[in-house]
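Participant: Would you mind keeping the following structure in view while I ask a few things?
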Amino acid sequence: MKAKLLISVVDDDQSVRESLPELLKELGFTARAFSSAMEFLASDALLHSSCLILDVAMPVMSGPELFRELRRRNLSIPVVFITARKDEVVRSRLLSDGAVECLFKPCSDTDLLQALDKAVGDK
């Protein structure tokens, strides 16, 4: 069932774009990676993603800006943020704004899987 769920990863860090989709596939999901918010917005994954794993800090359009843009477009894709900055204030704000989770890089496989289970539930 998970293999039918598309998890999209948006991160400007190439190593994350290479490793995270591989991990997601090992966990049983289908995954696609995007180097920027604009690349994701221009893709068909915008309408097919069951969950979005989104970096907080990216050039041009940040993760929180993409999150707001999705809401503006009335797209309710569950979002799990990931960030290298261990800032509890930012994490709390993202969660109060409606993110499913905000994980600090590097996050454990267990934490990621728990966040994804919370995001996609029984889909």
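The values are calculated or read from the model by the stated rules, or taken from the named source; none is laboratory data. The shown structure was predicted, so the numbers you read here are calculated from the model rather than taken from an experiment. No Cβ is skipped: glycine too gets one built from the backbone with ideal geometry, and neighbour counts run over all protein chains shown. Side chains are part of the model used for accessible areas, which takes the heavy atoms of the whole protein and leaves out ligands, DNA and RNA. Shrake-Rupley method; radii C 1.70, N 1.55, O 1.52, S 1.80 Å.
Participant: Whole angstrom only: what separates the Cα centroid of region 80-116 from the Cα centroid of region 5-76?
Facilitator: Computed from Cα coordinates, the inter-centre distance equals 14 Å.
Participant: Whole number in Å², please: accessible area per residue of the chain, 1.4 Å probe, ligands, DNA and RNA not counted.
Facilitator: 53
Participant: Residue 18 to residue 118: FRET efficiency via 1/(1 + (r/R0)^6), r the Cβ-Cβ distance, R0 22 Å, to the nearest 0.05?
Facilitator: Efficiency for this residue pair is about 0.30.
Participant: Here are several values of Cα extents along the principal axes in Å: (1) 43, 39, 21; (2) 67, 34, 15; (3) 34, 29, 28. Which one was derived from the coordinates shown?
Facilitator: (3)
Participant: Quick one: which of 76-82, 51-57 comes out on top by average Cβ neighbours within 10 Å, and what's the full order, highest first? Mind showing how you got there, number by number?
Facilitator: On the way: 76-82: 20.9, 51-57: 23.7.
Answer by packing, highest mean first, reads 51-57, 76-82.
Participant: May I ask you to give the percent of accessible area on the chain that is carbon plus sulfur, with a probe radius of 1.4 Å?
Facilitator: Working: 3340 of 6520 Å².
Its accessible area is 51 percent carbon and sulfur atoms.
Participant: Another question, then. When Rg is the radius of gyration of the Cα atoms in region 54-117 and Rh is its Kirkwood radius, what does Rg/Rh come to?
Facilitator: 0.95
Participant: Around residue 19, what is the net charge, scoring Lys/Arg as +1 and Asp/Glu as -1 over all other residues with Cβ under 12 Å from its Cβ?
Facilitator: On the way: positive: 17, 25, 105; negative: 11, 13, 18, 22, 26, 109.
Here the charged neighbours net out to -3.
Participant: For residue 81, what is the net charge nearby, where nearby means another residue's Cβ is under 9 Å from its Cβ and Lys, Arg count +1, Asp, Glu -1?
Facilitator: Net charge in that neighbourhood comes out at -1.
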